[in-house]
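One structure is given here, and the rest of the page talks about it.
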Amino acid sequence: MSNNKPRIAVVGATGAVGREILTILEQRSTPHAELRLLASPRSAGSTLPFKGQSLPIAALAPNCFDAVDIALFSAGSTVSKEWAPKAIAAGATVVDNSSAFRMDPNVPLIVPEVNPTALPKAGPRGRGAGIIANPNCTAIIMLVALNPLKRAFGIERIVVSTYQAASGAGARGMDELLTQTRAVLAGEPAVPHLFHEPYAFNLFSHNTAIDPATGLNAEETKVIQEARKIWNDPQVRITATCIRVPVLRAHTESINVTLRWPSTEEKVRQAIAAGPGIRIIDDRARNSFPTPLKASGQDDVLIGRIRRDESLQGGFGFDMLVCGDQLRKGAAQNAIQIAELLIAQGR
Ligand SMILES: NC(=O)c1ccc[n+]([C@@H]2O[C@H](COP(=O)([O-])OP(=O)(O)OC[C@H]3O[C@@H](n4cnc5c(N)ncnc54)[C@H](OP(=O)(O)O)[C@@H]3O)[C@@H](O)[C@H]2O)c1
């Protein structure tokens, strides 16, 4: 800590999430005394722009976390598992975007709009708080949308179907969609490399491994398990189907929710509208609802198509369409909000 401002390291600064972290740190003017950019040896020696300057990028190396207060990790699980303990040993608090530590019972999994009190209390100055995990992007967007309903009416069951963007798979995911789209428009075949199916003008089941026992892919399992952990509600019933669609940025989710206590569409709408980090776009007359393009680059989760599920008697069931920028609220922005909570604690 220098002048009560933290020294921040961004691990994976050159990636899709890492670049968004830099954009948001600049936009929010998050206080910091130093910004240290780290990536693989491939990027070492190059620079990234920040506030009109060119910041150098270094490779992860011994001593790279010396004097760092907060380390924002976005370089995948393997890097987090190896380097997060080293950052902590050097005295930093790690906010980790990977899935490496999310389900560790000793690691808090935080969405600031939902469970900020799960953040550990500040310890002695100069001592880190260990690892804080940033949840899965699809889970974050769903929880921001549904938390106001959970608080007001309780939630029994969720059926969520997703339409997930290429950038959820990082910079290479976006490249693959763009390259294949250009190829198909030029009359050439779409050749898959990163994904298991052609992406241009197509959609497919999420590209994570399927558990043969449950039939769930890893993305679906993360949404279910992480939502239960964040809400501290192991009983909530959730079923998920996760699909990649040929969209560059921002995930969409069709959500059907069964409330514990019945309500009306008006009360549900009011509860959602009062929730933090939410903007309602629900203009039936103009057929104007959330879209990934409207959500791209936005901090808020967009919600529309709010309506009663008439297939359930008694006002228990409701449907909605939700869009959120998964590079921002689903990753970089959520991590920076956690960092800002840490800074407010004086870490
Ligand atoms: N994309 C999303 O929407 C999203 C949402 C939530 C969470 N996440 C998580 O965030 C993490 C990053 O995702 P991303 O989408 O930003 O991926 P990405 O675009 O592929 O970027 C990966 C980053 O990790 C760096 N890296 C790779 N191997 C490294 C190594 N051995 N040592 C140091 N740095 C290394 C890369 O550096 P080089 O450029 O030098 O290779 C790059 O900066 C992943 O854990 C992902 O699961 C992503």
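No value in this document is a laboratory result; all are computed from the given coordinates. It should be emphasised that the depicted structure is a prediction, and the values quoted were computed from it without experimental measurement. All Cβ positions, glycine included, derive from the backbone under ideal geometry; neighbour counts span all protein chains shown.
Ordered by the number of other Cβ atoms lying within 10 Å of each residue's own Cβ, fewest first, Ser296, Ser80 fall into the sequence Ser296, Ser80.
With a Förster radius of 25 Å applied to the C-beta separation of Asp66 and Gln345, the computed FRET efficiency comes to 0.70. For the chain, a crude dipole built from +1 on the beta carbon of Lys and Arg and -1 on the beta carbon of Asp and Glu, taken about the Cα centre, is about 700 debye to the nearest 20.
Any idea what diffusion coefficient region 273-347 gets from Stokes-Einstein, in µm²/s, Kirkwood Rh on alpha carbon pairs, 20 °C, 1.002 mPa s? Provide the component values of the computation, followed by the final result.
On the way: Rh = 14.2 Å.
Stokes-Einstein gives a translational diffusion coefficient of 151 µm²/s.
Taking only Cα atoms of region 124-173, what ratio of Rg to Rh do you get with Rh as the Kirkwood inverse-distance radius? Kindly include the intermediate steps, with their values, before the conclusion.
Details: Rg = 16.3 Å, Rh = 14.2 Å.
Using Cα coordinates only, the ratio equals 1.15.
To the nearest 10 degrees, how steeply does helix 218-231 sit against the main Cα axis of the chain, on a 0 to 90 scale? Roughly 90 degrees, rounded to the nearest 10. Counting every other Cβ atom within 10 Å of each residue's Cβ, Ser205, Ser311 order from fewest to most as Ser311, Ser205. Computed on region 1-114, the Cα convex hull volume stands at 117 Å³ per residue.
Charges were assigned to the Cβ only: +1 to each Lys and Arg, -1 to each Asp and Glu. The resulting dipole of region 1-123 about its Cα centre is roughly 120 debye. Spin-label pair Asp309-Asn202: with each label point 7 Å from Cα along the Cα-Cβ axis, the two points sit 3.2 nm from one another.
Summing charges over all other residues whose Cβ lies under 12 Å from the Cβ of Leu341, with Lys and Arg as +1 and Asp and Glu as -1, gives 0. Along the charge dipole of the chain, Cβ charges K/R +1 and D/E -1, which of Ile57, Leu293, Ile306 sits furthest on the positive end? Most positive-ward Cα: Ile57. A cut-off under 12 angstrom between Cβ atoms defines the neighbours of Phe153, and their net charge, with Lys, Arg +1 and Asp, Glu -1, is +3. Taking the chain as a Gaussian network of alpha-carbon nodes connected by springs under 10 Å, the highest mean-square fluctuation of the residues Arg151, Arg269, Arg328 belongs to Arg151.
Considering only Asp96, Asp233, Asp325, the mean-square fluctuation computed in a Gaussian network model of the chain, springs between alpha carbons under 10 angstrom, is largest for Asp233.
Taking a sphere under 13 Å around the Cβ of Leu259 and counting the other residues whose Cβ falls inside, with K and R at +1 and D and E at -1, yields a net charge of +3. Panel order for Trp83, Trp231, by other beta carbons found within 10 Å of each beta carbon, from fewest to most: Trp231, Trp83. When averaged across all projection directions, what area in nm² does the alpha-carbon convex hull of the chain cover? Spelled out: convex hull of the Cα atoms, projected over all directions, averaged, 19.3 nm².
Would you work out the relative contact order for the chain, in percent, from Cα pairs under 8 angstrom that are 6 or more residues apart? Intermediate results must be reported in sequence, preceding the final value.
Details: 754 pairs, mean separation 65.1, N = 347.
About 19 percent, as a whole number.
Helix-only arithmetic for the chain: the sum of -39500 (n - 2.57) across DSSP H runs with n ≥ 4, divided by the residue total, places the mean residue ellipticity at 222 nm at -8500 deg cm²/dmol. For the chain, the number of Lys pairs separated by eight or more positions or lying on different chains, with C-alpha atoms closer than 17 Å, is 4. Given 37 °C and 0.692 mPa s, compute D for region 24-183 with the Stokes-Einstein relation, Rh being the Kirkwood radius over Cα pairs; round to the nearest whole µm²/s. Roughly 180 µm²/s, to the nearest whole number.
When its C-alpha radius of gyration is set against 2.2 N^0.38 Å (N residues), region 192-337 gives a value of 1.13.
For region 151-277, divide the Cα radius of gyration by the Kirkwood radius and give the resulting Rg/Rh value with two decimals.
Values: Rg = 17.9 Å, Rh = 16.7 Å.
Rg/Rh for region 151-277 comes to 1.07.
Would you mind getting the Kirkwood hydrodynamic radius of region 99-190 from its Cα pairs, rounded to one decimal in Å?
Values: mean 1/r = 0.0595 Å⁻¹.
Final number for the Kirkwood radius of region 99-190 is 16.8 Å.
Using all pairs of distinct alpha-carbon atoms, the Kirkwood hydrodynamic radius of region 165-210 works out to 10.7 angstrom. For the pair Thr78 and Ala274, a Förster radius of 51 Å applied to the C-beta separation gives a FRET efficiency near 0.80, rounded to the nearest 0.05.
Between Ser254 and Ala218, the modelled label-to-label distance comes to 2.7 nm, taking each label 7 Å out from Cα in the direction of the beta carbon.
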